[in-house]
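The values are calculated or read from the model by the stated rules, or taken from the named source; none is laboratory data. Keep in mind that what you see is a predicted model, and the values were worked out from it rather than measured. Cβ: placed from backbone, ideal geometry, glycine included. Neighbour counts: every protein chain shown. Protein only, heavy atoms only, side chains kept; ligands, DNA and RNA dropped before computing areas. Shrake-Rupley method; radii C 1.70, N 1.55, O 1.52, S 1.80 Å.
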Amino acid sequence: MLKSRMKTLFLAASVTLLAASLISFPQQSFDASIRGLNMWWEIVFPSLLPFFIVSEMLIGFGVVRFIGVLLEPLMRPLFRVPGVGGFVWAMGMASGFPAGAKLTARMRQEGQLSKIEAERLVSFTNSSNPLFIFGAVSVGFFYNVQLGVILALAHYLGNISVGLIMRFYGRSEEKTTKEKERNLTIRDAFAALHRTRIKDNRPIGKLLGDAVMSSIQTLLMIGGFIILFSVINKLLFHLHITGFLAEFLEVMLVMLGMTDMLSLPFISGLFEITLGSQMTSQIQEATLMHQAVITSFILAFSGFSVQAQVASILAQTDIRFQPFFFARIIHGVFSAFYAFILWKPVYVRFFEDGEPSNALPVMEYLTSEGSRLADAHNMLTTAGPLITICSLIIYVWLLGNRMFKEK
């Protein structure tokens, strides 16, 4: 009872402090809101919307079930999740936060994942997309597209490591009964695809409309969280809470051989990855390797802003948030470690002089691919608002039609 009352008191005090801070710092709060809105308006909405709509269509037509049957022999031994996890993993890496959580929740609602399997899957299928790593962070903040190779390798290797560790999660809660294993064929996959499509039984127009509505509603929720945490991060800075927390981190950074100037960007990155990565790139006293290590941790931890988005999505199911949060800490540690150990054999060897020396073909490909992703990011910031406006108009039209039909 006492614990519940203390929680109530803490939550009430926190909200009251937030309201008082908004009144005390109106201009700073407004600027932070505009910054969060621009990020959602230009980048997040137009980049995630196509993936969300296509994912919903693929699920409805049974293609995901088809892929799941084919990938079962790979995903089950490695990560102890069904084959549909391969689709969620690929879409999560391609589209970025929080697509992995949304698709995992949808798979759980469809009954294609058990509760434990969903908690395993969501822990390693949420990641930054290559467009953000190369375009926004490497080029936009560091002006160094080659750095994106290190950040991407560290980030995705960390993801795989988390998946391999989380395969042991929930073994005591999982049912011990084993299904008899059999070799699955293409015929089985097509049969599963057909059964899923027949079971859904929605016309193409209805399926497309539902996909658009569901995707835009999710993105509106994501936009609200981005704006909210952008404001909270700014207010914490002006209330000197961020600086206070950074003082405790300075000792640990100095022990690791890093400058204590990285403590403030690190704390900011725990709340919002974009601001944390940008602040890290501006610390001139730090070496590029140390900046890469801190940025890798920030990208992997994904910030409380993204975690709040994931928590909101998972709340629609029985999937627990705690395993996801624990996995984010593990992912951060692994990504920082991989960035550190890969620095000399990859970045120093191939990219330190500006032009790769005796570079392997794969490194040349990654660098050129990073340049294309950076160009795509710049193009997205230009065309993004137009895509967002058109999509919102379509959403309002669909919503109006449905409300009219219901009446």
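Among Ser55, Ser24, Ser29, which is the only one that is open to solvent by less than 40 Å² (accessible area, probe 1.4 Å) and modelled with pLDDT of 90 or more? Outline the logic, then answer.
Numbers: Ser55 fails: modelled with pLDDT of 90 or more; Ser24 fails: open to solvent by less than 40 Å² (accessible area, probe 1.4 Å).
The match here is Ser29.
If you scan the range 257-270, which residues turn out to be more than 16 Å from Ile226 (Cβ to Cβ), part of a helix (DSSP H, G or I) and open to solvent by 10 Å² or more (accessible area, probe 1.4 Å)?
Asp260, Met261, Leu264, Phe266, Ile267
Could you list, ordered by first residue, the pairs with Cβ atoms under 8 Å in which the first is in the range 82-98 and free of Cβ contacts under 8 Å to residues at least 60 places away in the same chain and on the phi > 0 side of the Ramachandran plot and the second is surrounded by fewer than 24 Cβ atoms within 10 Å (Cβ to Cβ) and aliphatic (A, V, I, L, M), at least 6 apart or interchain?
Cβ pairs passing all conditions: Gly96/Leu48; Gly96/Leu131.
Look through Gly223, Gly243 and report the one residue that is without any contact (Cβ under 8 Å) to a residue 24 or more places away in the chain and either part of a helix (DSSP H, G or I) or crowded, with 19+ Cβ neighbours inside 10 Å (or both).
Selected residue: Gly243, the only one of Gly223, Gly243 that is without any contact (Cβ under 8 Å) to a residue 24 or more places away in the chain and either part of a helix (DSSP H, G or I) or crowded, with 19+ Cβ neighbours inside 10 Å (or both).
Residues to consider are Phe141, Phe124; find the one that is open to solvent by less than 10 Å² (accessible area, probe 1.4 Å) and among the aromatic types (Phe, Trp, Tyr).
From the options Phe141, Phe124, the qualifying one is Phe124.
Exactly one condition in (1) surrounded by 16 or more Cβ atoms within 10 Å (Cβ to Cβ); (2) aliphatic (A, V, I, L, M); (3) over 25 Å from Asp31 (Cα atoms) is not met by Val254; state its number.
Every listed condition holds for Val254 apart from (1).
For residues that are at pLDDT 90 or above and of a type outside the set (A, V, I, L, M), scanning just the range 9-21, find the one that is surrounded by the most Cβ atoms within 10 Å (Cβ to Cβ).
Ser21
Quick test for you: out of Arg65, Arg120, Arg108, pick the one residue that is of a type in the set (Lys, Arg) and modelled with pLDDT under 85.
That would be Arg65, the only listed residue that is of a type in the set (Lys, Arg) and modelled with pLDDT under 85.
When you look at Leu151, is it closer than 30 Å to Pro345 by Cβ, modelled with pLDDT of 80 or more, assigned to a helix (DSSP H, G or I) and out of contact with any Lys or Arg (no Cβ under 6 Å at 6 or more places or on another chain), yes or no?
Criteria met by Leu151.
Specify which of the listed residues (Leu49, Leu37) is open to solvent by 50 Å² or more (accessible area, probe 1.4 Å) and not small (Gly, Ala, Ser).
Just one listed residue meets the conditions, Leu37.
List every residue pair whose Cβ atoms lie under 7 Å apart, where the two residues are 6 or more positions apart in sequence or sit on different chains, the first residue falls within the range 115-131 and is touching a residue at least 60 places away in the same chain (Cβ under 8 Å) and within 19 Å of Leu74 (Cβ to Cβ), and the second residue, located anywhere, is in a loop (DSSP other than H, G, I, E, B) and aromatic (Phe, Trp, Tyr).
That search, which allows pairs on different chains as well, returns Arg120/Tyr169.
Go through (1) surrounded by fewer than 18 Cβ atoms within 10 Å (Cβ to Cβ); (2) of a type in the set (A, V, I, L, M, F, W, C); (3) modelled with pLDDT of 90 or more; (4) farther than 22 Å from Leu157 by Cβ for Phe304 and report which single condition fails.
Phe304 satisfies all of (1) surrounded by fewer than 18 Cβ atoms within 10 Å (Cβ to Cβ); (2) of a type in the set (A, V, I, L, M, F, W, C); (3) modelled with pLDDT of 90 or more; (4) farther than 22 Å from Leu157 by Cβ except (1).
When the residues of the range 312-350 are narrowed to those that are touching an Asp or Glu at 6+ places or on another chain (Cβ under 8 Å) and surrounded by fewer than 22 Cβ atoms within 10 Å (Cβ to Cβ), which ends up nearest to Ser123 (Cα to Cα)? Break it down into steps so the answer makes sense when it comes.
Taking the range 312-350 first, the residues touching an Asp or Glu at 6+ places or on another chain (Cβ under 8 Å) are 319-320, 323-324.
Narrowing further to those that are surrounded by fewer than 22 Cβ atoms within 10 Å (Cβ to Cβ): 320, 323.
Values: Arg320: 11, Pro323: 7 Å.
Restricting to residues being touching an Asp or Glu at 6+ places or on another chain (Cβ under 8 Å) and surrounded by fewer than 22 Cβ atoms within 10 Å (Cβ to Cβ), the top hit is Pro323.
Please give the number of the condition Ala246 fails out of (1) of a type in the set (A, V, I, L, M); (2) farther than 30 Å from Ala118 by Cα; (3) touching a Phe, Trp or Tyr at 6+ places or on another chain (Cβ under 6 Å).
If we test Ala246 against (1) of a type in the set (A, V, I, L, M); (2) farther than 30 Å from Ala118 by Cα; (3) touching a Phe, Trp or Tyr at 6+ places or on another chain (Cβ under 6 Å), just (3) comes out false.
Condition first: assigned to a loop (DSSP other than H, G, I, E, B), surrounded by 24 or more Cβ atoms within 10 Å (Cβ to Cβ) and without any contact (Cβ under 8 Å) to a residue 60 or more places away in the chain. Can you find one or more residues in the range 271-288 that meet it?
Yes - at least one qualifying residue is present in the range 271-288.
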